[in-house]
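**Student:** Please read through the structure below; I'll follow up with questions.
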Amino acid sequence: MRKRNVAADVTAGMLLSNAMPHLIMGVAGKRMLTPGRPDSSPTRNLVWAGLNLVGGALLLGVTGWGTASQEEAERRMVAVAAGMLLKDLSGLGYELTLGPGRAALRRGRH
C-alpha cells in the first residue's frame with residue numbers, strides 16, 4: 001500500500017467520522033460547533049456534515065478503491081478505521097473537557 005493512499009485513507013476516515021455528530025445534531029434541530037462558528041445552526045451543521053461526507057468519499061474515489069482487489073480494499077479499510085478512531089478519540093476528549101463548559105456558558109446566555 002502506498003504512503004499516499006494510507007494518508008488519504010486515514011483522512012477519509014476522519015472526515016467520514018466527523019460527519020456523523022454534525023448530521024445527528026442537524027437532523028435533531030440542535031446547535032453545535034462548526035469551523036468558524038462556536039454555536040452553529042442545525043442547517044449549518046447539515047451542510048458541514050454533507051461536506052465531510054463528500055470529502056471523504058472523494059478521497060476514497062480518487063485513490064483507486066474502485067480498482068483495488070478485495071484483499072487490497074480490506075487492507076486499506078484498516079487505515080480508514082484508524083482515521084475514524086483518531087477522530088472519535090479527539091472528539092471524545094473535546095466533549096469530556098470543553099463540552100460541559102460550553103453548555104454551561106450557553107445556559108447562562110439564555
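Readers should treat all values here as calculations from the given coordinates under stated rules, not as data from a laboratory. No experiment lies behind these values; they were computed from the predicted model shown. As a convention, Cβ positions derive from the backbone with ideal geometry for all residues, glycine included, and neighbour counts pool all protein chains shown.
**Student:** Could you work out the local net charge near LEU60, counting Lys and Arg as +1, Asp and Glu as -1, over the other residues with Cβ closer than 15 Å to its Cβ?
**Tutor:** Working: positive: ARG2, ARG4, ARG75, ARG76; negative: ASP9, GLU72, GLU74.
Charge balance near LEU60 sits at +1.
**Student:** May I pose another question? Please report how far the C-alpha centroid of segment 30-60 lies from that of segment 70-87, rounded to the nearest whole angstrom.
**Tutor:** Here the answer is 22 Å between Cα centres.
**Student:** Could you work out [θ]222 nm for the chain from helices alone, using -39500 (n - 2.57) per DSSP H run of at least four and dividing by all its residues? Round to the nearest 500 deg cm²/dmol.
**Tutor:** It lands at -27000 deg cm²/dmol.
**Student:** Rounded to the nearest 10 degrees, what's the angle between the helix 3-27 long axis and the longest principal axis of the chain, both from Cα atoms, 0 to 90?
**Tutor:** 30
**Student:** Computed over the Cα atoms of the chain, what is the convex hull's projected area averaged over all directions, in nm²? Could you put the intermediate results ahead of the total?
**Tutor:** Working: hull surface 30.5 nm².
For the Cα atoms of the chain, the hull's average projected area reads 7.6 nm².
**Student:** Between LEU46 and LYS3, what FRET efficiency follows from the Cβ-Cβ distance if R0 is 22 Å, with the result rounded to 0.05?
**Tutor:** Efficiency, rounded to the nearest 0.05: 0.05.
**Student:** Under a Cβ-only charge scheme (Lys and Arg +1, Asp and Glu -1), can you give me the dipole magnitude of the chain about the Cα centre, in debye to the nearest 20? Could you put the intermediate results ahead of the total?
**Tutor:** Values: 14 positive and 7 negative charges, 119 e Å.
I would put it at about 580 debye.
**Student:** In addition: So what's the angle, to the nearest 10 degrees on a 0 to 90 scale, between helix 42-62 and the longest Cα principal axis of the chain?
**Tutor:** Here the helix axis deviates by roughly 10 degrees.
**Student:** Excluding VAL78 itself, what net charge comes from residues whose Cβ is under 13 Å from its Cβ, given Lys and Arg +1 and Asp and Glu -1?
**Tutor:** Values: positive: ARG75, ARG76; negative: ASP9, GLU71, GLU72, GLU74.
Overall, the nearby charge balance is -2.
**Student:** While we're on this one: Choose one of LEU51, ALA68, MET25: the residue whose Cα lies farthest towards the positive end of the charge dipole of the chain (beta-carbon charges +1 Lys, Arg; -1 Asp, Glu; about the Cα centre).
**Tutor:** Toward the positive end, the furthest listed residue is MET25.
**Student:** In addition: Go ahead and run the numbers for FRET between SER69 and ILE24, Cβ-Cβ distance against an R0 of 41 Å, rounding to 0.05. It would help to have the intermediate numbers written out before the result.
**Tutor:** Details: r = 34 Å, r/R0 = 0.84.
Once rounded, the FRET efficiency stands at 0.75.
**Student:** Quick one: ASP9, ASP39, ASP88, fewest Cβ neighbours within 10 Å first, how do they rank?
**Tutor:** Numbers: ASP9 25, ASP39 13, ASP88 16.
Final ranking by Cβ density, sparse to dense: ASP39, ASP88, ASP9.
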